[in-house]
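Asks: Take a look at this one; I'll ask things after.
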Amino acid sequence: MLHKIAVIGAGNVGATLAQRVAEAELSKHVALVDVVEGIPEGKALDILQSGPVYGYDTQLVGGTQYNIIENSDIVVITAGLPRKPGMSRDDLLETNAKIMTDVCLNVKKYAPNAIVIVVSNPLDAMCHVALQVTGFPSNRVIGMAGVLDSARFRTFIAEALDVSVQDVQAFVLGGHGDTMVPLARFSTVAGIPLPELLSAEQLEKLITRTRNGGAEIVAYLKAGSAYYAPSASVIDMIESIAKDKKRILPCSVNLNGEYGVKGLYVGVPVKLGKNGLEQIIEIKLTPAEREALEISIQDVASNVEKLKAKVTA
Ligand code: LAC
C-alpha cells in the first residue's frame, strides 16, 4: 500500500477518484485539494465516514492548502474547467493551462518526488505544462486518456457483439481529442482480432462513437463532463504503479523518438510500474494507421504551439 495519494481538484472526477482510491485501499492517506474552500474538506470527511460501512481504513483529508500533499507518492491532477455542450477539449486550453501552472508549482514544492498523473483537458497539452512547470523527469509525468478511450471502445465492442467486456481488449493511439486513433487490428475479443468479428462498416461506427465518447456524455450532462469512467481509468494506472504490476496501458507520455516523435505527449502503449513510466512500446503501423496517427499528433502539436505562443507573447 502506498503512503499517500493526492488528488488535486475536488470536482466530480477528483472526488469520485478519492472515493475509489479509498475503497480500494491503494494508499493509507488521501489528500484532496481544491481552491473552493469547504468542498475538499466536506467531501473528504464524507468519504472518510463511509469507511466503517465499507470496511476501509484509508485516512482522508481535504483542504485548500497544498501542505496536505506533502510526502505523496502519486499526485493526480484533475483541476480545471470541464467542457460544456458544443465545446471541444481544446477550447479549455488557455484557462486550464493557467490553473495547471499554479497547481504544478505547488506539486513541485510540496511533493517533489511524486509521480504525477494528469487528467485535466486538453489532456496532452496539459501534460506538457505539468512536465515543464514541475521539472520532473518525464517518467514521472503521465497523462490519463488512453485507458478511458479504450474502455469506451471496449464497451461499444462488447455491446455490438453481445459479449462480456471482460473478454474485450482494445487499443487506442494518439492524442485525447477528436482525432484519436482506435486501432481495430490490435483490438481483440478473447484473442480474436476485431476485423474477424465485425465488418469494416460496423467497426467504423464503433470507432466514431469512441472518438465522440466524451462529447456524447457532455451532451447529456450539460453542466460537465464524464467522471465515473475517467476516475475508474485513473485507478487502473494507480494500481499498476502502486503494486508495481507493470501493466501495459495506453497513456499519454513524452515521446523521445518513438513513433518518429520527439518531445511531444501522445497516447501510446506503455509499461507502468513503481517508477511510473517504465517502457514505451512501439508497434509497426500500416500506412493508413500511420496517417491517422499523424493527424492526431499534429493536433497535439498545434495546441502545444499555441501555449508556447502565449508564454512568449
Ligand atoms: C472525457 C473527458 C474527461 O473524455 O476528456 O470524458
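Asks: Among 268, 234, which is the only one that is within 22 Å of residue 129 (Cβ to Cβ) and in a strand (DSSP E or B)? Give the steps one after another, and end with the answer.
Replies: On the way: 234 fails: in a strand (DSSP E or B).
So the residue among 268, 234 that is within 22 Å of residue 129 (Cβ to Cβ) and in a strand (DSSP E or B) is 268.
Asks: Since residue 263 meets every condition but one in (1) in a loop (DSSP other than H, G, I, E, B); (2) away from the ligand (no atom under 16 Å from the Cβ); (3) of a type in the set (Gly, Ala, Ser), which condition does it not meet?
Replies: Unmet condition: (1).
Asks: Check whether at least one residue in region 222-234 is more than 10 Å from the ligand (Cβ to nearest atom), closer than 27 Å to residue 78 by Cβ, at pLDDT 95 or above and not hydroxyl-bearing (Ser, Thr, Tyr), and report yes or no.
Replies: yes
Asks: Out of curiosity, is residue 241 away from the ligand (no atom under 16 Å from the Cβ) and either at pLDDT 95 or above or more than 30 Å from residue 278 (Cα to Cα) (or both)?
Replies: Numbers: away from the ligand (no atom under 16 Å from the Cβ): yes; either at pLDDT 95 or above or more than 30 Å from residue 278 (Cα to Cα) (or both): yes.
Yes: the conditions hold for residue 241.
Asks: I'm checking my understanding of the structure. Among residues of region 151-166 that are surrounded by fewer than 24 Cβ atoms within 10 Å (Cβ to Cβ) and of a type outside the set (A, V, I, L, M, F, W, C), which one is nearest to the ligand (Cβ to nearest atom)?
Replies: Step one: of region 151-166, the residues surrounded by fewer than 24 Cβ atoms within 10 Å (Cβ to Cβ) are 151, 154-156, 158-166.
If we keep only those that are of a type outside the set (A, V, I, L, M, F, W, C) too, we end up with 154-155, 159, 162, 164, 166.
Values: 154: 14, 155: 13, 159: 18, 162: 25, 164: 23, 166: 22 Å.
Going through the qualifying residues, I end up with 155.
Listed here are the residues, each with its yes/no results for (1) hydrophobic (A, V, I, L, M, F, W, C); (2) under 25 Å from residue 100 (Cβ atoms); (3) within 16 Å of the ligand (Cβ to nearest atom).
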residue: 149; (1), (2), (3): no, yes, yes
residue: 172; (1), (2), (3): yes, yes, yes
residue: 175; (1), (2), (3): no, yes, yes
residue: 195; (1), (2), (3): no, no, no
residue: 200; (1), (2), (3): yes, no, no
residue: 207; (1), (2), (3): yes, no, yes
residue: 214; (1), (2), (3): no, yes, yes
residue: 217; (1), (2), (3): yes, yes, yes
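Asks: Scan region 275-313 residue by residue and report those that are outside any helix (DSSP H, G or I) and in contact with a strand residue (DSSP E or B) (Cβ under 9 Å, 6 or more places away or on another chain).
Replies: Start the filter on region 275-313 by keeping residues that are outside any helix (DSSP H, G or I), which leaves 275-286, 313.
Result: 275, 276, 277, 278, 279, 280, 281, 282, 283, 285.
Asks: Do you know which of the residues in region 202-217 that are polar (S, T, N, Q) and surrounded by fewer than 21 Cβ atoms within 10 Å (Cβ to Cβ) is nearest to the chain's Cα centre (by Cα)? Break it down stepwise before answering.
Replies: Taking region 202-217 first, the residues polar (S, T, N, Q) are 202, 208, 210, 212.
After this cut, where a residue has to be surrounded by fewer than 21 Cβ atoms within 10 Å (Cβ to Cβ) as well, the list is 202, 208, 212.
Details: 202: 27, 208: 20, 212: 16 Å.
Once the filter is applied, the top-ranked residue is 212.
Asks: Can you find even one residue in region 57-78 that is away from the ligand (no atom under 16 Å from the Cβ), assigned to a helix (DSSP H, G or I) and among the acidic types (Asp, Glu)? Quick ask: steps written out before the conclusion?
Replies: Here is the first cut: in region 57-78, the residues away from the ligand (no atom under 16 Å from the Cβ) are 57-75.
Filter once more, so that each one left must be assigned to a helix (DSSP H, G or I): 66-69.
After this cut, where a residue has to be among the acidic types (Asp, Glu) as well, the list is none.
No.
Asks: Could you identify the single residue in 189, 181 that is in contact with an Asp or Glu (Cβ under 6 Å, 6 or more places away or on another chain) and more than 13 Å from the ligand (Cβ to nearest atom)? Steps first, answer last, please.
Replies: Working: 181 fails: in contact with an Asp or Glu (Cβ under 6 Å, 6 or more places away or on another chain).
Result of the check over 189, 181: 189.
Asks: Can you name the condition, by its number, that residue 90 falls short on among (1) within 22 Å of residue 17 (Cβ to Cβ); (2) assigned to a helix (DSSP H, G or I)?
Replies: Failing condition for residue 90: (1).
Asks: Here are 121, 139, 106: which of them is more than 16 Å from the ligand (Cβ to nearest atom), assigned by TED's automatic domain parsing to the domain that holds residue 64 and under 24 Å from residue 310 (Cβ atoms)?
Replies: Details: 121 fails: more than 16 Å from the ligand (Cβ to nearest atom); 139 fails: under 24 Å from residue 310 (Cβ atoms).
Going through 121, 139, 106 in turn, the sole match is 106.
Asks: Of the residues that sit in region 258-313 and are touching a residue at least 60 places away in the same chain (Cβ under 8 Å) and of a type in the set (Asp, Glu), which one is farthest from residue 73 (Cα to Cα)?
Replies: 289
Asks: Here is a list: 160, 229. Which entry is touching a Leu at 6+ places or on another chain (Cβ under 8 Å), part of a helix (DSSP H, G or I), closer than 30 Å to residue 104 by Cβ and assigned by TED's automatic domain parsing to the domain that holds residue 288?
Replies: Details: 160 fails: closer than 30 Å to residue 104 by Cβ.
Going through 160, 229 in turn, the sole match is 229.
The values are calculated or read from the model by the stated rules, or taken from the named source; none is laboratory data. Predicted model, so just to flag it, every value in this text is computed and none were measured. Every residue, glycine among them, receives a Cβ derived from its backbone with ideal geometry; neighbour counts consider all protein chains shown.
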